[in-house]
């Protein structure tokens, strides 16, 4: 997937967020977005997902203009892990299986073997799969969310502070796995210094 943002301008609540902002993301490219609070980092991800419409400019995916008419199929090629996680209640296994039942994911086949392999890569014990979500720590919930997104095998991953609650050693393990993904584009918003140690192109907003 190739992504192109062309001369985006946006005001929210009367405040200018973007003014003639442009960005190109090549297939499989890894990008780290940084900037102070209010600089538009999370809004940038929402623009790409089509949740927010720019006042001017355009978002193109593989040359196709993102619009209300095609936002659904284009969004199905992306996976989003938001900063504010709400992954419900019940057992972790049931949460992941439910994701597979969504219309956009019915072409995928649930494999517990694949799930447990991801758990190992992200430093989660196998027994967490049968634990209640309410018993998980914030960092464990973030890793479950990241694992679920990766199991969907999308072309573009949009991550909004997706490692903020993970302790340092496990965070570095998770970031390292994401950085090593081949053919998958990532746009990560994060203040975690661990991301800067990997070969992500850095984008500074509000500078």
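None of the figures in this text is laboratory data; all of them are computed from the coordinates on show. This is a predicted model, so every value here is computed, not measured. Every residue, glycine as well, gets a Cβ built from its backbone with ideal geometry; the counts of neighbours run over all protein chains shown.
Taking neighbour Cβ counts within 10 Å as the exposure measure, how do 64, 182 sort from fewest upward?
Neighbour counts put them in this order, fewest first: 182, 64.
Over region 24-115, consider all pairs of different Cα atoms and compute the Kirkwood hydrodynamic radius from their mean reciprocal separation; express it in Å, one decimal.
For region 24-115, inverting the mean 1/r across all distinct Cα pairs yields 16.0 Å.
Specify the inter-centroid distance of region 111-155 and region 3-71, based on alpha-carbon positions, in whole Å.
Distance between centres, Cα-based: 29 Å.
What percent of all Cα-Cα pairs in the chain falls in each 5 Å bin, counting up from 0?
1, 7, 15, 19, 20, 16, 12, 7, 3, 0, 0
What order do you get for 187-193, 144-150 when each peptide is scored by the mean count of other beta carbon atoms within 10 Å, highest first?
Descending mean neighbour count gives 144-150, 187-193.
Report relative contact order for the chain in percent, whole number only (criteria: Cα-Cα under 8 Å, sequence separation at least 6).
Normalised by residue count, the contact order of the chain is 30 percent.
Calculate for the chain the 222 nm mean residue ellipticity that helices alone would give, adding -39,500 (n - 2.57) per DSSP H run of length 4 or more and normalising by residue count, nearest 500 deg cm²/dmol. If you can, show how the numbers build up before the last one.
Details: 6 runs with 60 residues, N = 207.
So the calculated ellipticity at 222 nm is -8500 deg cm²/dmol.
Counting other C-beta atoms within 10 Å, which of 195, 72 has the fewest, and how do the rest follow? Don't skip to the answer; put the middle values down first.
Details: 195 24, 72 11.
Ranked by crowding around the Cβ, least crowded first: 72, 195.
Relative contact order for region 1-87: what percent, with Cα pairs under 8 Å and sequence separation of 6 or more?
This gives 32 percent for region 1-87.
How much space per residue, in cubic angstrom, does the convex hull of the C-alpha atoms of region 66-159 take up?
For region 66-159, the hull spanned by Cα atoms encloses 106 Å³ per residue.
Normalising by the residue count of region 127-179, find the relative contact order in percent from Cα pairs under 8 Å and 6+ residues apart.
Relative contact order of region 127-179: 40 percent.
Tell me, 106, 46, 75, 201 in order of fewest to most beta-carbon neighbours within 10 Å?
Ascending Cβ contact count within 10 Å gives the list 106, 201, 46, 75.
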